[in-house]
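S.K.: Would you mind keeping the following structure in view while I ask a few things?
Read the figures in this text as sums done on the coordinates, not as results from a lab. For clarity, every value in this text was computed on a predicted model and none was experimentally measured. Here the Cβ is made from the backbone with ideal geometry for all residues, glycine too, and neighbour counts use every protein chain on show.
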Ligand code: HEM
């Protein structure tokens, strides 16, 4: 590993990554900030002197500002004195998965705490406490406040996006409601995007998977977010890939700096203005033209694009109407939650598939049978139970990281078992160990692609085990009020992509049968950066 990167990963990242929650705008997809991204975002723009200076500064800050609360009634896996908890926070960075697993095994059904650089993080385990986390009102356990805090939103993104998230109901309602109507667009775009990024060839071709999939996901999602041809513009595609990484990188740096310095550091670190400027160059002409048409022909003029940008323009209140920058910001925010979550999930899934090409046949058969009966549409996707199951098993097995459902206590909070968490603390649910718990899943460490399809054949369980369903034992999309509102869109997009992959390509790995290891950084599982071999299907 390059020394600059090692320095960064071991010295700078500790606080930051553990604290970034488990989706992208739940945002700030932690899993987005892969080693490559970190390297690109920080290391390239710095030099080793700056990094050494930063890491020394972190040490100094840590001594001057040790974590304020030790939550005395909550068991800790590491010593709680300021010096030793610092070492614990390093262990948390380097080996979070094992630390959370150890806590889960030792305190199953209860809460425990783990040290981060400048704070403690309470982890709850088991369905009962997860249910209490889900049911707690926002005034007590706040999702938004957790994101604002962890992402230093005031300085990285502008906290207005979280304080007034007027675009999110459109994801929950319009986007989900329109999935059937929009499926032909999704399918058309994903086929074009695959053909451009992974042209089907007669011989095996090595494809750097995550890079290709980020482009494909960005382009396909943006067909529905802003329409064609902007969705295909390489600069727009790249802007939306980079934006998440840059915002998360800024949050990482701010997280190792005491709060009183944030207003100063934030000025240098924020990329919002620059990114909105770049977005405006693409969207301003589109927005202006749509407003012109609305004025000329009425708000529901014939041929009006049915996409996220139009829905945003429809609900934008008078004050905001015409404010191109505000609209661009909301589109960027939506991309922030969508691109890396979906592309990381799909990358993990395709590595599994390429390692086990014998699973392609049954899925190919399913797609062809269903499409023959139904044609290519959303109903057909719903009938593809094997595809749904395979993607859900991949989310269970790998997922985005070790934690989910992060909340900040806005008031003192007491769980039913007496666990007391004072105001101002972070609480998350232990996801990865629960998804690998033999009391919850049979043979949990075996990747069984048809696990959930089999469970769905039990009477009354047809819906419970579909990809988009959440419950207190399956929390990849969170659970409850803040469960990912984009999951219905994501499921359609990913199933559409998987159906295309299995019917178009053969896949294998360079080292056949061996799934390339993902990287864990703190609580984030980052897909392997390696290749998958693709060729045009032969049978
Ligand atoms: C496989 C893909 C995805 C995964 C695994 C995922 C996961 C998550 C998770 C874990 C949360 C937090 C839930 C909680 O804390 O209870 C979340 C929230 C959210 N996600 Fe996703 N997500 C995905 C795709 C998307 C997409 C495609 C969009 C947008 C179209 C999106 C938009 C959001 C938004 C806006 C929130 C915040 C919800 C709120 O404020 O209540 N996500 N997601």
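S.K.: Using a 10 Å cut-off on Cβ atoms, rank the peptides 478-489, 365-376, 494-505, 336-347 from the highest mean neighbour count down.
M.R.: So the peptides 478-489, 365-376, 494-505, 336-347, ranked by packing, come out 336-347, 494-505, 478-489, 365-376.
S.K.: Pull out a ≥ b ≥ c, the square roots of the eigenvalues of the alpha-carbon gyration tensor of segment 94-244, then state rounded if a/c is under 1.5, prolate if not and a/b is larger than b/c, and oblate in the remaining case.
M.R.: Taking the square roots of the gyration eigenvalues as a ≥ b ≥ c, segment 94-244 is prolate.
S.K.: Another one. Between the alpha-carbon centers of segment 423-461 and segment 89-165, tell me the distance in whole angstrom.
M.R.: About 19 Å separates the Cα centre of segment 423-461 from the one of segment 89-165.
S.K.: Pull out the extension gain between residue 288 and residue 368, defined as 0.36 nm times the separation in residues minus the alpha carbon to alpha carbon distance; nm, one decimal.
M.R.: Value of the extension gain: 24.5 nm.
S.K.: Just grab the label-to-label distance for residue 264 and residue 458, each label 7 Å out from Cα along the Cβ direction, in nm (one decimal).
M.R.: 5.9 nm
S.K.: Here's something else I'd like to know. Would segment 340-483 count as rounded, prolate or oblate if I go by the C-alpha gyration tensor, calling it rounded below 1.5 in a/c and otherwise prolate when a/b exceeds b/c, oblate otherwise?
M.R.: Taking the square roots of the gyration eigenvalues as a ≥ b ≥ c, segment 340-483 is prolate.
S.K.: Which percent, to the nearest 5, of DSSP beta bridges fully inside the chain are antiparallel?
M.R.: Given both bridge residues lie in the chain, the antiparallel proportion sits at roughly 85 percent.
S.K.: Let me ask something else about it. Using a 10 Å cut-off on Cβ atoms, rank the peptides 154-160, 144-150 from the highest mean neighbour count down. Could the numbers behind the result be given before it?
M.R.: Numbers: 154-160: 20.3, 144-150: 21.9.
Listed from highest to lowest mean packing, they are 144-150, 154-160.
S.K.: Right, here's the next one. Using the scaling law 2.2 N^0.38 Å as the reference, what is the normalised Cα Rg of the chain?
M.R.: The reported ratio for this selection is 0.95.
S.K.: Classify segment 188-285: rounded, prolate or oblate, from the alpha-carbon gyration tensor (a ≥ b ≥ c, eigenvalue square roots; a/c under 1.5 rounded; otherwise prolate if a/b is larger than b/c)?
M.R.: oblate
S.K.: Highest mean first, what order results for 242-249, 302-309, 421-428 on Cβ atoms within 10 Å?
M.R.: 242-249, 421-428, 302-309
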